[in-house]
Amino acid sequence: MTTANAPLPLQAGTGLDLRPIAGPLGLILVFLGASMLLPALADHSESAKGADAFLGTAAVTVFVGVLMWLAGRSAEPIQKLDLRQAFLFTSGMW
């Protein structure tokens, strides 16, 4: 095998850091879950039976969002995202 085709050695600390992605995506999920309360309120005011579904999914969404936000916190501020993180963040937002 020539050196041009040799695989690159794995180095410690070269993995994808998910903290800069998890924090903002968690906050977006919290806001999405909170926005599900508006249709739940409208459904409840119409005495329909779908409010429980909105409340349940809102609770799960907010819970997962808070967990992601907590997992994404770090002591040092994130300066910028690298290319892989930016692609993953964009896919997660979509």
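Taken together, the values in this text are just the output of simple stated rules run on the coordinates, not laboratory data. Note that the structure is predicted; figures quoted are calculated from it, not measured. Virtual Cβ from ideal backbone geometry, glycine too; neighbours counted across all protein chains shown.
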Degrees between helix 83-93 axis and first principal axis of the chain (Cα, 0 to 90, nearest 10): 10 degrees
Distance in nm between pseudo-label sites at Leu16 and Ala75 (7 Å out along the Cβ direction from Cα): 2.7 nm
Relative contact order, percent, region 29-94 [alpha-carbon distance under 8 Å, six or more residues apart]: 34 percent
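Net charge around Leu81, counting only other residues with Cβ within less than 15 Å of its Cβ (Lys, Arg = +1; Asp, Glu = -1)? Mind showing how you got there, number by number?
Details: positive: Arg19, Lys80, Arg84; negative: Asp17, Glu76, Asp82.
In short, 0.
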Column: log10 I(q)/I(0), Debye, Cα scatterers of the chain, q = 0.19, 0.20 Å⁻¹: -0.91, -0.95
Peptides 21-29, 61-69, 38-46, 74-82 ordered by average Cβ neighbours within 10 Å, highest first: 21-29, 61-69, 38-46, 74-82
Nearest 10 degrees, 0 to 90: helix 51-72 Cα axis against the chain principal axis: 30 degrees
Only Lys, Arg (+1) and Asp, Glu (-1) charged, at Cβ; the chain dipole about Cα centre in debye: 240 debye
